[in-house]
Amino acid sequence: MIGLMLVLGTGSAWAQTPAQAEVALPTGPLVIPGLGPLATRLLPAVVNVSTSETIKPDPKKRKPAPDDDQVTPGSPFEQFFKDFMDRQGRGGGGDQDAGKGDAKPQKAQALGSGFVIDPSGLVVTNNHVIEGADEITVILQDNTNLKAELVGRDAKTDLALLRVKPDKPLPSVPWGDSDKAKVGDWVMAIGNPFGLGGTVTSGIISARARAINDNGPYDEFLQTDASINRGNSGGPLFNTAGEVIGINSAIFSPSGGSIGIGFAIPSDLAKNVIAQLKATGKAERGWIGARIQTVNDDVATALGLDAPKGALVGGFLDKSPAKEAGVLPGDVLLQFDGRDVTNARRLSRLVADAQVDKAVPVKVWRQGQIKTIMVKVAQADESAEQTASLEPGSGISPSTPLVKALGLSMTEATPDLKDKFQLDDNANVVVVDVAKGSQAADKDLHPGDVILEVAQEEVKAASDVAHKIDDAKKAGRKSVLLLVEHAGELRFVALRIDQG
């Protein structure tokens, strides 16, 4: 591989401001070494994962297999890849007979990637590569085929662990520390794109902690511009030391091919899950039972934080370890077990990774002060996930006095209103209308929402809300924090006073 040279500067003199003088910039060419020796060393530990599933063809639709080696219909390469798959014995002839006579069970085949983490034959891949498979085969670099058994899989993190029985120890690769990986670091991906076999691509880390799936509470993907295509799923993403810092899992592409936006599961998440799959065949996660939300600029200003950071506690689930330990609604969790909490998603992952039944220190921000609380982590029961939704009717005209502030029309929660909005008996202040185009509407407030606190102080009447907003304005605050209950769910909402 030819080494690349990127010239960042020529070393010529230039005027510096005091701020610029603090930054040490390179003054000569930066030479990037060739990756050939590294690729040669790592390739034997990367495998192809072939799966087959028995399906009955549906004349009306075709069920695509995970990581199916397809190209976009109408693509100029469509015929090329069809011919290639036919030569490899993986043609999709089953569809040609769809609708002709009785449908017969057929084998759907798919290809993905994986890598060996233990010479005895432990192989890591993606869950979606092997999900639903009847047979799994691991293909080594020398084309040796080994039948694989599933040790365990975890759909939440899209990880799976396989075991093969080789005649001799297999080449393996070590885990690296993904938390040390920085944006701009060079990385190398090895995998099985489009069934072509061991393929090496390189690039940089484009971003960290990407969330690409709203249903994935533990998503903190590494984003890379190293070419990743269908069939790369389950393959490793290496740093320049030859350590696995990610498992290639997804791409963003309107065409199905690489456009330089790929996503890898970070190794710091993966190795903990894989260790549990190896030990018990399943993954267990920690749980503290707190309802949390990310701290944005307005919430940070309302709470007196110097920057938007941490996870804001809005309430608790039943038998919450956090509540039992003394955490309160309105607390901002800044650190969990010695690790910084940047946002709510980060806290979810830190808690999930924590050891069950272990008491860990949690640093919280409360009323302008930092406190440390010991919280005992419980085991999450993911079969009992709670969801709630409520779409009450539009605003009504109650006979009780209305209070209007910050785009909200509020009143006392009368028996009729409690019945209309299905509110608890202890509800005091209810929203009956939200002005269109107001910041309250932008923050997703709705008629039927109950206002419990303003500026972290309880309110029992609609007039209390107006008074506390006035107090905050006189104190020079730019925003005020409301604790809102909607369909049994608690959350904090910061509204700017100067936009009311």
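The values are calculated or read from the model by the stated rules, or taken from the named source; none is laboratory data. Only a predicted model underlies this, so the values are computations on that prediction, with no experimental measurement involved. Heads up, the Cβs are rebuilt from the backbone with ideal geometry, glycines too, and the neighbour counts pull from every protein chain shown. With ligands, DNA and RNA removed, areas are computed over all heavy atoms of the protein, side chains included. Shrake-Rupley method; radii C 1.70, N 1.55, O 1.52, S 1.80 Å.
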Exercise. According to the square roots a ≥ b ≥ c of the eigenvalues of the Cα gyration tensor, what is the shape class of the stretch 280-375, taking rounded for a/c under 1.5, prolate for a/b larger than b/c otherwise, and oblate for the remainder?
Worked result: prolate
Seminar exercise, completed: Residues of the stretch 305-348 with backbone N under 17 Å of the label point set 7 Å from the Cα of D177 along Cα→Cβ are 338-340
Seminar exercise, completed: Here the gain from full extension of S120 to K478, 0.36 nm per residue of separation minus their alpha-carbon distance, amounts to 122.7 nm
Exercise. So which of K420/K473; K282/K319; K168/K278; K363/K404; K418/K468; K271/K309 end up more than 29 Å apart, counting from Cα to Cα?
Worked result: K420/K473; K363/K404
For this session: Please give, to one decimal in nm, the separation of the simple spin-label points placed at N145 and L43, each 7 Å out from Cα toward the Cβ.
Result: 2.3
Exercise. Round to a whole number: what % of the accessible area of the stretch 292-343 belongs to carbon and sulfur, probe 1.4 Å?
Worked result: 44
For this session: Would you please name the chymotrypsin sites (Phe, Trp or Tyr not before Pro) within the stretch 290-378 that are DSSP coil residues with at most 15 other C-beta atoms within 10 Å of their C-beta?
Result: none
Seminar exercise, completed: The answer for trypsin sites (Lys or Arg not before Pro) in the stretch 444-475 that fall in a DSSP coil and have at most 11 neighbouring Cβ atoms within 10 Å is K460
Seminar exercise, completed: Measuring from its Cα centre, the stretch 282-348 shows a charge dipole (+1 at each Lys and Arg Cβ, -1 at each Asp and Glu Cβ) which, in debye to the nearest 20, is 340
For this session: Write down the accessible area per residue of the stretch 409-500 in Å², having rolled a 1.4 Å probe over the full set of protein chains.
Result: 49
Exercise. Between S438 and T240, 0.36 nm times their residue separation minus their Cα-Cα distance comes to what?
Worked result: 66.2 nm
Exercise. Got the relative contact order for the stretch 270-336 handy, in percent, Cα pairs under 8 Å and 6 or more residues apart?
Worked result: 29
For this session: Filter the trypsin sites (Lys or Arg not before Pro) in the stretch 104-193 to those in DSSP coil with at most 15 other Cβ atoms within 10 Å of their Cβ, and list the result.
Result: K182
Exercise. Can you give me the pair-distance distribution of the stretch 203-350, C-alpha pairs, 5 Å bins, whole percents?
Worked result: 2, 9, 14, 17, 16, 15, 12, 9, 5, 1, 0
Seminar exercise, completed: Computed over all unlike Cα pairs, the Kirkwood hydrodynamic radius of the stretch 119-220 in Å stands at 15.9
For this session: Using a/c under 1.5 as the rounded threshold, could you call the stretch 407-474 rounded, prolate or oblate? The axes a ≥ b ≥ c are square roots of the C-alpha gyration tensor eigenvalues, and prolate needs a/b larger than b/c, oblate otherwise.
Result: oblate
